[in-house]
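Structure, as structure tokens:
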Amino acid sequence: MMDNKHSYSFGFLDEYAKKEIRRSLLKAVAIPGYQVPYASREMPIARGFGTGGLQITLSIIGENDILKVIDQGSDESVNAVNIRQFIAKTCPGVTLTKNTQEATIIQTRHRIPEIPLKLGQILVLQVPYPDPLIVVESKEEKRKKMHSEGDYARLWVKLYEDIVQFSEITISHRYPTRINGFYVIDPSPIPRFDIPKLNHSHALYLFGAGREKKLYAIPPYTNTEPLSFSDIPFRIEDFLDETGERRGCIRCGSKTSFLDEIINNNGDKIYQCSDTYYCSHQLNLKGHE
């Protein structure tokens with residue numbers, strides 16, 4: 001439906017574009033982890049700044065949805081604010097929120113919220129490079145064949161070489177993750193801390209790479225497993241201090257959340273929750289105790 005005041009369709013994209021993306025998403029959900037090609041459209045933001053995730057959000061959002069947009073866990077970063085404002089202008093009637101629990105759609109860059117997602121929620125992730133095999137094979141034709149055959153031997157060798165050289169796997173983000181025992185995906189540049197949240201999550205995860213023209217999905221209750229060796233298990237960031245104690249957020253005191261390292265005005269390192277809503281939520285809970 002056209003908006004006469006602004007002369008664009010609801011959700012900016014034309015209905016044919018949205019229909020094509022939704023059909024591709026259905027295939028992605030039906031084959032978890034499979035990279036589905038789609039006709040990525042030009043958007044009023046540069047490639048690499050979230051065009052893939054934005055196209056997915058604009059294709060699935062409706063007037064009754066409640067939208068939350070975050071960047072690196074923050075509701076107020078430049079990327080999050082600009083995308084939120086653009087969606088608000090092109091999707092009249094959509095409710096905007098910073099509350100993780102009440103959002104029906106969450107668009108995110110590089111983080112998964114700390115508060116566990118529930119059935120019915122959709123998390124849309126912005127993805128720069130969708131294929132984990134890009135680090136070992138430059139030709140897409142060969143990568144497609146490797147994926148179809150479940151051939152990830154060269155990726156395993158890359159992880160092994162890391163261990164030989166550094167005594168551990170040094171991948172800090174975009175950690176390769178196997179979906180339903182077959183396809184290995186790039187889970188977007190989320191930290192390793194967030195990888196366990198993908199496993200048997202109640203929410204639907206949708207991944208969009210606009211520049212690479214690929215999208216893929218992890219449906220609810222899907223088995224996900226980060227690649228690791230039996231004698232060197234996968235581990236997340238521990239945020240331990242020099243004494244071996246787990247650091248806490250300087251603002252809310254949380255010792256279970258992902259922390260950002262910040263240099264204060266005195267030049268000292270301090271640690272604060274990456275998820276700004278979670279941090280404020282924890283403070284509110286303490287205020288009611």
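Miscellaneous remarks
- Restricting segment 199-224 to residues that are within 15 Å of the chain's Cα centre (by Cα) and within 20 Å of V135 (Cβ to Cβ) leaves a set whose member that is surrounded by the most Cβ atoms within 10 Å (Cβ to Cβ) is Y216.
- Reported count of residues in segment 40-87, each being of a type in the set (S, T, N, Q) and out of contact with any helix residue (DSSP H, G or I) (no Cβ under 7 Å at 6 or more places or on another chain), is 7.
- Residues satisfying the stated conditions in segment 96-141, i.e. closer than 18 Å to K213 by Cβ and not acidic (D, E): V124, L125, Q126, V127, P128, Y129, P130, P132, L133, I134, S138, K139
- Total residues in segment 261-279 satisfying the condition of being in contact (Cβ under 8 Å) with a residue 60 or more places away in the chain and part of a strand (DSSP E or B): the figure is 1.
- Failed item in (1) in a helix (DSSP H, G or I); (2) within 20 Å of the chain's Cα centre (by Cα), with T108 passing the rest: (1)
- Residue match in segment 205-213 (condition: of a type in the set (A, V, I, L, M), closer than 28 Å to D260 by Cα and assigned by TED's automatic domain parsing to the domain that holds G50): yes
- Looking across segment 162-180 at every residue that is surrounded by 14 or more Cβ atoms within 10 Å (Cβ to Cβ) and polar (S, T, N, Q), the one that is farthest from Q72 (Cα to Cα) is identified as N180.
- Restricting R235, R178 to those that are of a type outside the set (F, W, Y), over 21 Å from D71 (Cα atoms), touching a residue at least 24 places away in the same chain (Cβ under 8 Å) and not assigned by TED's automatic domain parsing to the domain that holds L155 reduces the list to R235.
- Residue in segment 181-198 that is over 19 Å from S274 (Cβ atoms), assigned to a loop (DSSP other than H, G, I, E, B) and polar (S, T, N, Q) present: no
- Beta carbons closer than 8 Å, at least 6 apart along the sequence or on distinct chains, pair a first residue in segment 35-51 that is over 17 Å from K89 (Cβ atoms) with a second that is among the aromatic types (F, W, Y) and crowded, with 18+ Cβ neighbours inside 10 Å for Q35/Y216; V36/Y216.
- Note on segment 253-278: residues that are closer than 20 Å to S77 by Cα, surrounded by 14 or more Cβ atoms within 10 Å (Cβ to Cβ) and not aliphatic (A, V, I, L, M) amount to 11.
Okay, residues lined up against (1) modelled with pLDDT of 95 or more; (2) in a loop (DSSP other than H, G, I, E, B):
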{"residue": "K18", "(1), (2)": "yes, no"}
{"residue": "I21", "(1), (2)": "yes, no"}
{"residue": "L25", "(1), (2)": "yes, no"}
{"residue": "A28", "(1), (2)": "yes, no"}
{"residue": "Y34", "(1), (2)": "yes, yes"}
{"residue": "E42", "(1), (2)": "no, yes"}
{"residue": "I45", "(1), (2)": "no, yes"}
{"residue": "F49", "(1), (2)": "no, yes"}
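The values are calculated or read from the model by the stated rules, or taken from the named source; none is laboratory data. As the structure is a prediction and not an experimental result, all values here were calculated from the model. Neighbour counts are summed over all protein chains in view; Cβ atoms, including those assigned to glycine, are modelled from backbone coordinates with ideal geometry.
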